[in-house]
Amino acid sequence: MQLIINENHQQSSEQAAKSFAKFIRQNPKAVLGFATGSTPLLLYAKLIEYYQRKELSFQSITAFNLDEYVGIAADNSHSYAYFMQKNLFSNIDILAQNCHIPNGMSTDLELECERYEHLILANKGIDIQLLGIGRNGHIGFNEPASSFEENTHIVNLSPSTLEANSKYFNNQNMPKKAITMGIASILRAKKIILLAEGDDKAKAIKASLTGEITPTMPASILQSHPNVDVYLDQAAASLL
Ligand code: GLP
């Protein structure tokens, strides 16, 4: 694991964006795993900037997102599909058919999980998976006590996650369930980039990077992956 501690999140985002850009230039058909939340926004802005300056093309890449809420359609502004369109996909030259996000509106959610996992495997797996981290150490929507063996599956969101993410739902009822790539799916990525910003992530970062590897702290499993870069700002690194 490579740990990079920066003065601020802007620097982390720029460095992580550079790492993505370098990989895409060397591997134009890269398969990339993307994340949602506030953490990757500056990184996505940087990737858009590279594209606008004609320094990078996404035309042949394939994207898989980590997760999606259950019961929210792609055109609903609260969906992760909408988030990705708005914050990345509609601003770069990625092909629509290469943007994959679990379908939280599927009438057969179990089948949707299987379909998604098979699609990742059919694309020969993810080259670089981007991750944020929840305040309780979740990655994707793999909440504490999730099995490390799981592939894409349906989860009940924890009270801590419901509280943290309710701000995005403007007091409207937020979904209680999501589809997420499992820990096993995430660990199959050849490289993982974890970004964390702010002191509300400091405890989870300390426990995940220096504590015991345990399902009660899902991100701790990243210690077992051979190729992880962790970018932290000072606040997220403050307890290390
Ligand atoms: C969300 C997402 C995660 C994300 C995390 C942190 O619930 N499912 O993929 O990494 O929570 O979000 P934020 O970056 O807004 O702190």
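Readers should treat all values here as calculations from the given coordinates under stated rules, not as data from a laboratory. Source: prediction; values computed, not measured. Quick reminder, even Gly has a Cβ in these numbers, built from the backbone with ideal geometry, and neighbours come from all protein chains shown.
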dims of the chain, Cα set, principal axes, largest to smallest, nearest Å -> 45, 42, 35
Log entry: pair-distance distribution for the stretch 19-73, C-alpha pairs binned every 5 Å from zero, whole % per bin is 4, 17, 24, 26, 15, 8, 5, 1
With a 31 Å threshold on alpha-carbon distance, the violating pairs from Lys29/Lys206; Lys22/Lys86; Lys54/Lys191 are Lys29/Lys206
A correct fewest-to-most ranking of Thr36, Thr210, Thr62 by other Cβ atoms within 10 Å would be Thr210, Thr62, Thr36
Here the stretch 174-184 yields Karplus 3J(HN,Hα) values (6.51, -1.76, 1.60; θ = phi - 60°; whole Hz; Gly and Pro given as x) of 8, x, 9, 10, 8, 9, 9, 4, x, 4, 5
Here Rg/Rh (Cα, Kirkwood) for the stretch 162-240 equals 1.01
Expressed as a whole-number percentage, the relative contact order of the chain with C-alpha contacts under 8 angstrom and at least six residues apart is 25 percent
Using alpha-carbon positions, the gyration tensor of the stretch 102-240 gives root eigenvalues a ≥ b ≥ c; with a/c under 1.5 called rounded, otherwise prolate if a/b exceeds b/c, else oblate, the class is oblate
Filtering trypsin sites (Lys or Arg not before Pro) in the stretch 49-91 by DSSP loop and by at most 16 other Cβ atoms within 10 Å leaves Arg53, Lys54
Most exposed first, judged by fewest Cβ atoms within 10 angstrom, Ser160, Ser185, Ser79, Ser38 run Ser38, Ser160, Ser79, Ser185
Hull volume per residue for the stretch 1-120, using the convex hull of the C-alpha atoms, in Å³ is 120 Å³
In whole angstrom, the spacing between the Cα centers of the stretch 175-231 and the stretch 1-74 equals 17 Å
